[in-house]
Amino acid sequence: MSIFVINNAQCASNKYMACTTDFIDFVCSQIEGVGVIRAKKMFGDWLIYIDEKPIILACDNICYVKKIPEIADLMSDAGTGIPYDGAKEHYILDIEHRNEAIKIIKTLLPLIPYPKKRKK
C-alpha cells in the first residue's frame, strides 16, 4: 500500500512553477504500489521519494532518474536530459507507461542510497 504525502506549497502565480501539481499527482498515481511515496517541492522542481530514497526528479513536467550503469539495459530506448543547470545527465523516465516505470523504479530502489542526514 502506498501513502502519498505531497507538499502543496504554491507560488502566487503558476508561472514560477516548473512542474504542475497535477503532473506530480499523476506521477504519484502511476507509481502507486512501489512503496511509500513522498513528493517534495524544491526550487520550483520536485523530488519524489520512494521509501525515503530520492528516486524521481520532476522538472518541467518531465521525470528524470539517475543515470547509473545498472539500469542501462532497461533504459536503452530512453532519452536523456539535463533537468536543471549544473545537473548531471539523467535518463528520462516515461511515466506514461506504468509497468515499465515501476520495473525501473524497483530496480533503482536497492541501488540508490538514503540521503545523508544534515548536521544541525
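The values are calculated or read from the model by the stated rules, or taken from the named source; none is laboratory data. Note that the structure is predicted; figures quoted are calculated from it, not measured. Every residue, glycine as well, gets a Cβ built from its backbone with ideal geometry; the counts of neighbours run over all protein chains shown. These accessible areas exclude ligands, DNA and RNA; they are computed on the full protein's heavy atoms, side chains included. Shrake-Rupley method; radii C 1.70, N 1.55, O 1.52, S 1.80 Å.
Checked against (1) at pLDDT below 95; (2) open to solvent by less than 80 Å² (accessible area, probe 1.4 Å), TYR84 passes all but condition (2).
Within the stretch 60-95, how many residues are among the charged types (D, E, K, R), in a loop (DSSP other than H, G, I, E, B) and in contact (Cβ under 8 Å) with a residue 40 or more places away in the chain? Before the answer, list the steps.
Our first condition is that a residue be among the charged types (D, E, K, R); within the stretch 60-95, this holds for 60, 66-67, 70, 73, 77, 85, 88-89, 94.
Applying the additional criterion that residues be in a loop (DSSP other than H, G, I, E, B) yields 60, 67, 73, 77, 85, 88-89, 94.
Narrowing further to those that are in contact (Cβ under 8 Å) with a residue 40 or more places away in the chain: 60.
Number satisfying all stated conditions: 1.
Here LEU93 clears all of (1) over 10 Å from the mean Cα position of the chain (by Cα); (2) modelled with pLDDT of 95 or more; (3) among the aliphatic types (A, V, I, L, M) except the condition numbered (1). Selection of the stretch 33-72 for residues being open to solvent by 70 Å² or more (accessible area, probe 1.4 Å) and within 17 Å of PRO110 (Cα to Cα) yields GLU52, LYS66, LYS67, PRO69, GLU70. The set of residues in the stretch 23-32 being outside any helix (DSSP H, G or I) and open to solvent by 20 Å² or more (accessible area, probe 1.4 Å) consists of GLU32 alone.
Scanning the stretch 85-104 for residues that are out of contact with any strand residue (DSSP E or B) (no Cβ under 6 Å at 6 or more places or on another chain) and of a type outside the set (Gly, Ala, Ser) gives ASP85, LYS88, ASP94, GLU96, HIS97, ARG98, ASN99, GLU100, ILE102, LYS103, ILE104.
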